[in-house]
Amino acid sequence: MCGIAGYIGKKEGLETVLEGLKRVEYRGYDSAGVLFFQNGKPVLLKRHGKLANLETTLVSKKSQENLPVIGHTRWATHGMPNEVNAHPHHDCKKEIFLVHNGIIENYQELKDKLTKLGHKFRSQTDTEIVTHLLEENLKKTKNFNEALKKSLREIVGAYAFAIVYTKEPDKIYFARLGSP
């Protein structure tokens, strides 16, 4: 069980996402992380432990208006509770960032396939597999929405995702299947 939050809009979104994460923190105390933008560039911050550990790091940070912010509190299911396994996760190019609640049941099969295609994994989570699957399908489709649809058809499990594709910084993609 994990907590996810996202915001894109006219006001600074980091505070809004942190407030949302506080409301769902009971869903995960093992780690917390956020993705936001400053000067048009993605900033990824993750901390082991409770959300308060992340908040301390973010005291003087502000996100760029009109660009997405996504955040996560983690209850570890795949991989140890640490910063490497904390969300958001990203693909090889650091263009696709994702937070996730749920379980990817066929993650080992997908990881094996993607490893053979040259993808390098940093974490032990089932979540990171999704970012690399999106990256691989984006190579084939050349369209993020189509890559997302194709990827979702390959995933077995119950999930909720919030996804940021940095080449489309005016959007947050959401997907859900079942009740994660």
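The values are calculated or read from the model by the stated rules, or taken from the named source; none is laboratory data. Predicted model, so just to flag it, every value in this text is computed and none were measured. Methodologically, a virtual Cβ is constructed for each residue, glycine included, from the backbone with ideal geometry; neighbour enumeration extends over all protein chains shown.
The criterion of at least 3 residues that are among the aliphatic types (A, V, I, L, M) and in contact with a strand residue (DSSP E or B) (Cβ under 9 Å, 6 or more places away or on another chain) is met by the following strands (runs of 3 or more DSSP E) wholly inside the stretch 67-180: 96-104, 157-165.
Counting the residues of the stretch 108-126 that are touching a Phe, Trp or Tyr at 6+ places or on another chain (Cβ under 6 Å) and exposed (fewer than 13 other Cβ atoms within 10 Å of the Cβ) gives 0.
Let's see how each residue does on (1) closer than 19 Å to L177 by Cβ; (2) among the polar types (S, T, N, Q); (3) under 17 Å from the mean Cα position of the chain (by Cα):
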{"site": "E95", "(1), (2), (3)": "no, no, yes"}
{"site": "L98", "(1), (2), (3)": "yes, no, yes"}
{"site": "E105", "(1), (2), (3)": "yes, no, no"}
{"site": "K113", "(1), (2), (3)": "no, no, no"}
{"site": "H119", "(1), (2), (3)": "no, no, no"}
{"site": "T125", "(1), (2), (3)": "yes, yes, yes"}
{"site": "L133", "(1), (2), (3)": "yes, no, yes"}
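Do the conditions hold for E154, that is, is it in contact with a His (Cβ under 8 Å, 6 or more places away or on another chain), more than 25 Å from G28 (Cβ to Cβ) and either crowded, with 22+ Cβ neighbours inside 10 Å or charged (D, E, K, R) (or both)? It would help to see each step written out before you state the result.
On the way: in contact with a His (Cβ under 8 Å, 6 or more places away or on another chain): no; more than 25 Å from G28 (Cβ to Cβ): yes; either crowded, with 22+ Cβ neighbours inside 10 Å or charged (D, E, K, R) (or both): yes.
Spelling it out, it is not the case that E154 is in contact with a His (Cβ under 8 Å, 6 or more places away or on another chain), more than 25 Å from G28 (Cβ to Cβ) and either crowded, with 22+ Cβ neighbours inside 10 Å or charged (D, E, K, R) (or both).
One residue stands out in the stretch 49-63 among those that are assigned to a loop (DSSP other than H, G, I, E, B) and modelled with pLDDT of 90 or more: the one that is nearest to G3 (Cα to Cα), namely K50. Mind listing whichever residues of the stretch 1-38 are under 17 Å from the mean Cα position of the chain (by Cα) and in a strand (DSSP E or B)? If the condition is that a residue be under 17 Å from the mean Cα position of the chain (by Cα) and in a strand (DSSP E or B), then G3, I4, A5, G6, Y7, S31, A32, G33, V34, L35, F36, F37 are the ones that fit. Filtering G13, G33 for residues that are within 17 Å of H100 (Cβ to Cβ), of a type outside the set (S, T, N, Q) and in contact (Cβ under 8 Å) with a residue 24 or more places away in the chain leaves a single hit, G33.
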